[in-house]
Amino acid sequence: MAEKFDVIVIGAGPGGYVAAIRAAQLGLKTACIDLFTGKDGKPAPGGTCLNVGCIPSKALLDSSKYFYQLQHDYSAHGISVQNASMDVPLMIARKDDIVKKLTGGVGQLFKGNKITYYQGKGKLKAGRQVEVTPVDGSEPLALDADNIILASGSIPIQIPNVEFDGEYIVDNVGALDFASVPASFGVIGAGVVGLELGSVWNRLGAEVILLEALPDFLPIADKDVSKQAAREFKKQGLDIRLGTLVKSAQVKDGQVTVSVEDKNGESQLTFDILLVSVGRKPFTDGLLSDDSGVQLTEQGQIQVDEKSRTTAAGVWAVGDCVRGPMLAHKASEEGIAVAELIAGKPAHIHFDTVPWVIYTDPEIAWVGKTEQELQAAGVEYNVGSFPFAANGRALAGGHGTGLVKMLADAETDEILGVHILGTNASELISECVVAMEFQGSSEDLASMIHAHPTLSEAVHEAALHVDKRAVHRGN
Ligand code: FAD
Ligand code: AMP
């Protein structure tokens, strides 16, 4: 007899584990199934985000940032350090420890919320039956539930003629685990993951070249931000080659030779290690039986409507395996919304106010529309901006690079987008998300008191500047 639950969640990433916890909080008998095994051989719920994504990359970004600042920035403060060195295995062990604490924490939360956890592969069959194949090789288990939430996440896209080998040609998993700093590090794709992981190893001394097929740098960001960011990254030593298409890569004698095509024709480059970070695709291998009733889109995403319902009754899907940005917080919010809908509560997601963050130094963060998107849509808008070079707190900390740019509707003054390049942009953007959620205007932010001296005063000044009355810059 199949064990019966109210809700079964397949996948314990930020979409799945959050959905499971919310479902359990709402009094639903919940199970969660995930495959992940940690480096210590133990179950590691938390998905890509906690194991090989958001958290480990931020741990290495922070470690490498301190090392870089020690060498480049601290002397201006009067701090001198001779012979600074980086113990890479210790840095990696610290990162692993953080991952273990957090995945262990999810396990504890599951116990605390009385969620039944299965470490194995879940497969959805017809009639909301689920088969679990445990990773320990024991007999498959049969479960069923009134509602199923699919949260199977994503995996890296592979490009033709560039085969991952986990040692010389790696994905994000490999690039978070080097034993030493590679002398030369090639990165295919100057997107979010490529910039973050390229920054880590560049700061530690690798010669880093990013090969990007598109002619423009970071086209998803506002142009004022991406232009200034490109200049900063160049100063830091990141060699970003735009309009450069990677055609193939081959490993020979411990080196990777990459064939690229750019405006000058075809040429070859050689690296110690090559990271392929050309985006991610939904992961649905082995997830659905032929008669599950769940349909995929042409892009391989699980097809869902605006309420995250799939084409099979009582089956929902959230996170990277469905449409929308592949971001952890988007996955989690969908997970919460679905759990609440299952429990009969009203819930919806505002895709227009999902914040984006790139954790380079300076950080890049935005919410809402870029100026280019507004122009393309024919929307009339006003712009305000403020440079961190004129912000006292930023200067005191040595963080005078970057700006805040705010776009507001020309008629109603409603904030349509905010774009930040600067230290702690990841935190500053939250104020703008709140303002936009409440359909706030630039005038609303301009009339709110911001503590002095803080970086948030740059957001305040950008809001004032929409109406050309910023105090600490010419209007
Ligand atoms: P995942 O986290 O991918 O989790 C899915 C889980 O389901 C996995 O554990 C998988 O093993 C399991 N699974 C799949 N199929 C089955 C099955 N059939 N049975 C059982 N289990 C299954 N996003 C941010 O918002 N901020 C960041 O800073 C950030 N940094 C990133 C850095 C890197 C290097 C990478 C690669 C990604 C980063 N992301 C970041 C993206 C973020 O990791 C994803 O958007 C997020 O993890 C998606 O969550 P999810 O729950 O949909 O899927
Ligand atoms: P992201 O989706 O943010 O991780 O970005 C991935 C980047 O990789 C995009 O900017 C793509 O244009 C880029 N890209 C994809 N394929 C190739 C390729 N063969 N050579 C160089 N860049 C590529």
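I need a count of the residues in region 321-354 that are in a loop (DSSP other than H, G, I, E, B), of a type outside the set (G, A, S) and modelled with pLDDT of 95 or more.
8
For region 301-320, check the following and say yes or no: at least one residue is part of a helix (DSSP H, G or I) and in contact with a helix residue (DSSP H, G or I) (Cβ under 7 Å, 6 or more places away or on another chain). Spell out the reasoning first.
Taking region 301-320 and keeping what is part of a helix (DSSP H, G or I), we get 319-320.
Keeping just the survivors that are in contact with a helix residue (DSSP H, G or I) (Cβ under 7 Å, 6 or more places away or on another chain) gives 319-320.
The answer is yes, given that some residue of region 301-320 is part of a helix (DSSP H, G or I) and in contact with a helix residue (DSSP H, G or I) (Cβ under 7 Å, 6 or more places away or on another chain).
What is the one condition in (1) within 15 Å of ligand 1 (Cβ to nearest atom); (2) acidic (D, E); (3) not assigned by TED's automatic domain parsing to the domain that holds V294 that D136 does not satisfy?
(3)
Would you please name the residue that is farthest from the chain's Cα centre (by Cα), looking only at residues in region 394-417 that are under 30 Å from H72 (Cα atoms) and buried (at least 19 other Cβ atoms within 10 Å of the Cβ)? Before you say what the answer is, go through the steps one by one.
Looking only at region 394-417, we keep the residues that are under 30 Å from H72 (Cα atoms), and these are 394-405.
Still in the running and buried (at least 19 other Cβ atoms within 10 Å of the Cβ): 394, 399, 401-405.
On the way: A394: 25, H399: 23, T401: 23, G402: 21, L403: 22, V404: 21, K405: 22 Å.
The selected residue is A394.
Tell me whether region 313-320 contains one or more residues that are more than 10 Å from ligand 1 (Cβ to nearest atom) and exposed (fewer than 15 other Cβ atoms within 10 Å of the Cβ). Reasoning before the result, please.
Step one: of region 313-320, the residues more than 10 Å from ligand 1 (Cβ to nearest atom) are 313-316.
Checking the rest, the ones that are also exposed (fewer than 15 other Cβ atoms within 10 Å of the Cβ) come to 313.
Checking region 313-320: at least one residue is more than 10 Å from ligand 1 (Cβ to nearest atom) and exposed (fewer than 15 other Cβ atoms within 10 Å of the Cβ).
Inside region 332-360, can you point out the residues that are away from ligand 2 (no atom under 16 Å from the Cβ) and under 15 Å from the mean Cα position of the chain (by Cα)?
S332, E333 - these are the residues of region 332-360 that are away from ligand 2 (no atom under 16 Å from the Cβ) and under 15 Å from the mean Cα position of the chain (by Cα).
Any chance region 260-269 includes a residue that's at pLDDT 95 or above, outside the structural domain of V357 (by TED's automatic domain parsing) and within 16 Å of ligand 1 (Cβ to nearest atom)?
Within region 260-269, not a single residue is at pLDDT 95 or above, outside the structural domain of V357 (by TED's automatic domain parsing) and within 16 Å of ligand 1 (Cβ to nearest atom).
Only one residue in S184, S226, S180 is loosely packed, with under 15 Cβ neighbours inside 10 Å and out of contact with any His (no Cβ under 7 Å at 6 or more places or on another chain). Which one?
Only one candidate qualifies: S180.
Return the residue satisfying two criteria in turn: it lies in region 16-35 and is closer than 28 Å to E363 by Cβ and touching a strand residue (DSSP E or B) at 6+ places or on another chain (Cβ under 8 Å), and of such residues it is farthest from ligand 1 (Cβ to nearest atom). It would help to see each step written out before you state the result.
Applying the first criterion (closer than 28 Å to E363 by Cβ) to region 16-35 yields 16-18.
Next, only the ones that are touching a strand residue (DSSP E or B) at 6+ places or on another chain (Cβ under 8 Å) stay: 16-17.
On the way: G16: 5, Y17: 8 Å.
Residue satisfying both the conditions and the ranking: Y17.
Going through region 37-55 one residue at a time, which ones are away from ligand 2 (no atom under 16 Å from the Cβ) and either hydrophobic (A, V, I, L, M, F, W, C) or within 16 Å of L204 (Cα to Cα) (or both)?
Filtering region 37-55 for residues away from ligand 2 (no atom under 16 Å from the Cβ) gives 37-47, 50-51, 55.
Hits for region 37-55 are A44, L50, I55.
Would you mind finding the one in S152, S226, S180 that is in a loop (DSSP other than H, G, I, E, B) and away from ligand 1 (no atom under 14 Å from the Cβ)?
S180
Check region 276-289 and report whether any residue there is acidic (D, E), surrounded by 14 or more Cβ atoms within 10 Å (Cβ to Cβ) and either more than 16 Å from ligand 2 (Cβ to nearest atom) or on the phi < 0 side of the Ramachandran plot (or both).
Checked region 276-289: no residue is acidic (D, E), surrounded by 14 or more Cβ atoms within 10 Å (Cβ to Cβ) and either more than 16 Å from ligand 2 (Cβ to nearest atom) or on the phi < 0 side of the Ramachandran plot (or both).
In region 28-82, how many residues are outside any loop (DSSP other than H, G, I, E, B) and charged (D, E, K, R)?
4
Which one of the conditions (1) within 30 Å of P182 (Cβ to Cβ); (2) modelled with pLDDT of 95 or more; (3) in contact with a helix residue (DSSP H, G or I) (Cβ under 8 Å, 6 or more places away or on another chain) does A84 fail to meet, given that it meets all the rest?
Here A84 clears every test but (2).
Being within 9 Å of ligand 2 (Cβ to nearest atom), part of a loop (DSSP other than H, G, I, E, B) and surrounded by fewer than 17 Cβ atoms within 10 Å (Cβ to Cβ) narrows it down to one residue among L214, L218; which is it?
Going through L214, L218 in turn, the sole match is L214.
When you scan region 70-87, do you find a residue that is closer than 28 Å to D320 by Cα and either surrounded by fewer than 21 Cβ atoms within 10 Å (Cβ to Cβ) or more than 18 Å from the chain's Cα centre (by Cα) (or both), even just one?
No: zero hits.
Checking the structure you have, find out if any residue of region 250-258 is over 26 Å from the mean Cα position of the chain (by Cα) and in a loop (DSSP other than H, G, I, E, B).
As a first pass, look at region 250-258 and keep what is over 26 Å from the mean Cα position of the chain (by Cα): 250-258.
Filter again for in a loop (DSSP other than H, G, I, E, B), leaving 253-254.
Checked region 250-258: at least one residue is over 26 Å from the mean Cα position of the chain (by Cα) and in a loop (DSSP other than H, G, I, E, B).
From (1) surrounded by fewer than 17 Cβ atoms within 10 Å (Cβ to Cβ); (2) part of a loop (DSSP other than H, G, I, E, B), pick out the condition that doesn't hold for D444.
Result: D444 passes all but (2).
Starting from region 1-30, take each residue that is closer than 17 Å to P346 by Cα and list its partners that are of a type in the set (D, E), counting only C-beta distances under 6 angstrom and pairs at least six apart or across chains.
Listed pairs, sorted by first residue: L28/D6.
Within region 435-475, track down each residue that is of a type in the set (S, T, Y) and within 31 Å of the chain's Cα centre (by Cα).
Correct list: S441, S442, T454, S456.
One residue is enough: does region 450-459 have a residue meeting the conditions small (G, A, S), surrounded by 19 or more Cβ atoms within 10 Å (Cβ to Cβ) and over 21 Å from G392 (Cβ atoms)?
No, because not a single residue in region 450-459 is small (G, A, S), surrounded by 19 or more Cβ atoms within 10 Å (Cβ to Cβ) and over 21 Å from G392 (Cβ atoms).
Return a yes/no flag: does region 240-247 have any residue that is on the phi < 0 side of the Ramachandran plot and away from ligand 2 (no atom under 15 Å from the Cβ).
Among the residues of region 240-247, not one is on the phi < 0 side of the Ramachandran plot and away from ligand 2 (no atom under 15 Å from the Cβ), which makes the answer no.
Determine whether N113 is surrounded by 18 or more Cβ atoms within 10 Å (Cβ to Cβ), away from ligand 1 (no atom under 15 Å from the Cβ), in contact (Cβ under 8 Å) with a residue 40 or more places away in the chain and assigned by TED's automatic domain parsing to the domain that holds G300.
Considered against the rule, which asks whether it is surrounded by 18 or more Cβ atoms within 10 Å (Cβ to Cβ), away from ligand 1 (no atom under 15 Å from the Cβ), in contact (Cβ under 8 Å) with a residue 40 or more places away in the chain and assigned by TED's automatic domain parsing to the domain that holds G300, N113 comes out as no.
The values are calculated or read from the model by the stated rules, or taken from the named source; none is laboratory data. Keep in mind it's a predicted model, so treat the numbers as computed, not measured. Because the Cβ atoms are built from the backbone with ideal geometry, glycine has one as well, and the counts that use them run over all protein chains shown.
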